[in-house]
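Structure first, commentary second.
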Amino acid sequence: SRLDRSTRFGTFDELFESVFDPMAFTSQQVFSQLKPQVSDDIELGLNFKNNDFEASIALFHQSIKNEIHFDANTFLNINLDDTQHDGVELTASLDITPKLIVKANYTYLKAEFTAGDNKGNDLPLIPTNTANIIIIASLPADIQNSISFNYVDATLMANDLNNNFVKKIPSYKTVDLKLSKQFGNLGLAFKVNNLFNEQYFNYAVGSTLTSGSFNAYPLPERTTYITASYKFN
């Protein structure tokens, strides 16, 4: 179990903002009146483990005052009305054989306003469901292989505080692959993120003038990495 209170102060970029004057066609730096974000958290969890299997469940609750949010319409950071985040996280790991392990996790999260004009509305950019499955295998020649299957639920666009936009940010699924091998103190790895070249985005701003129109920031398609590391004795 866990009970705590945390505070987040605005970063430098959040506190000092550029305000555009359309009459003078100039921008001016101003000091924001942003208040610190305060969160009261409660978490209850249970864990089970034996030689081949491990699983856990965690229930969590967050009450947040003055949550810091970037207003995509005004390009300023603002404090939201009171919000609440409730959810459950499930994790499991199974050693099928000494050379094959499967891990999985799932999170359900409900984030909504508890005060103000948007009371009862969902918060933007927060997926309700996320899931991940990882298969880890030891291959011949001491090569380690892992495949990760990832799922993220659809979310509201950044400025959809009223929950009335026609479109949402679509859900997406990605697959990541990694092969690695250790040569003494030298380690080599080959990794491919978004193996099947999924075209997706997790941030978008809806038009307040034209229904259904929006600006989106796409995430990388298939990317490949080759890395090397060396452990000094």
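The values are calculated or read from the model by the stated rules, or taken from the named source; none is laboratory data. Given the structure is predicted, the values throughout are model-derived calculations rather than measurements. With ideal geometry, Cβ positions are generated from the backbone for all residues, glycine too; neighbour counts draw on all protein chains shown. We work out accessible area using only protein heavy atoms, side chains counted, and drop any ligands, DNA or RNA first. Shrake-Rupley method; radii C 1.70, N 1.55, O 1.52, S 1.80 Å.
Overview of values
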read-out: For residue 123, residues with placed amide H under 5 Å, excluding near neighbours; value: 111, 112, 113
read-out: Long-range amide H partners of residue 159 with built H, under 5 Å; value: 206
read-out: Charge dipole of the chain about the Cα centre (unit charges at C-beta), most positive-ward option of 219, 183, 79; value: 183
read-out: Dimensionless Rg over Rh [region 131-233; C-alpha; Kirkwood]; value: 1.18
read-out: Residue-by-residue Karplus 3J(HN,Hα) for region 185-202, coefficients 6.51, -1.76, 1.60, Hz, glycine and proline x; value: 7, 9, x, 10, 9, 10, 10, 10, 8, 6, 3, 9, 6, 5, 9, 8, 8, 10
read-out: Identified option (computed Rg/Rh (Cα atoms, Kirkwood Rh); candidates (i) 0.96; (ii) 1.04; (iii) 0.93); value: (ii)
read-out: Carbon plus sulfur fraction of accessible area for the chain, probe 1.4 Å, in percent; value: 58
read-out: Cα lying deepest toward the dipole's positive end in region 104-231, options 145, 194, 113, charges on Cβ; value: 145
read-out: Surface per residue (accessible, 1.4 Å probe) for region 1-148, Å²; value: 64
read-out: Cα-centred dipole magnitude for the chain, charges only on beta-carbon of K, R (+1) and D, E (-1), debye, nearest 20; value: 880
read-out: Most to least packed among 59-66, 136-143, 100-107 [average Cβ atoms within 10 Å]; value: 59-66, 100-107, 136-143
